[in-house]
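Encoded as structure tokens, the structure appears first; notes follow it.
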Amino acid sequence: LASKHLHQGGSIINLSTSVVGLKLERYGVYAATKSAVETMSAILSKELRGKDIAVNCVAPGPTETDLFTEGKSQELIDKLANMSPMERLGQPEDIANVVNFLASDEGHWVNGQVLRANGGII
């Protein structure tokens, strides 16, 4: 468990998915496992009371990576991109910036939360 290796002021950042909020067809098992990650993170944030270790989840929306685009038609990729009010897929840097914030001193007060970095898709 990561918390045994962290010192005061540390952060644990787990990854989930915005599919948990979107409730997309054919993603039931995947969403269920990521929902468990979100719940476990919230509980761990409370179990670490007094240790000054923040525990959060980042839940990206559709993000333009090889893993995301592989096996999908361009039509489906465009449809998912346009679901966001920003009308684009997330970029890996978008997600990295959120993780970086949570790992920084500036983001340390955020604890026990799920940040849905998804351009407003939900």
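Looking at (1) 15.5, 50; (2) 13.4, 39; (3) 19.5, 58, which value of Rg and Dmax of the Cα atoms in Å comes from a calculation on the structure shown?
The calculated read-out lines up with (1).
Please check the chain for the longest run free of trypsin sites (Lys or Arg not before Pro) that are loop-located per DSSP (anything but H, G, I, E, B) and have at most 14 other Cβ atoms within 10 Å.
89-122
Counting pairs on different chains as well as pairs 8 or more places apart, how many Lys pairs in the chain have Cα atoms under 16 Å apart?
4
Positive end of the dipole of region 2-115, charges at C-beta (+1 Lys, Arg; -1 Asp, Glu), about the Cα centre: which of LEU115, VAL29, PRO92 has its Cα farthest in that direction?
It is VAL29.
Just so you know, all these numbers are worked out from the coordinates, no wet-lab data involved. Computed from a prediction, not measured in an experiment: that's the story for all the values here. Every residue, glycine as well, gets a Cβ built from its backbone with ideal geometry; the counts of neighbours run over all protein chains shown.
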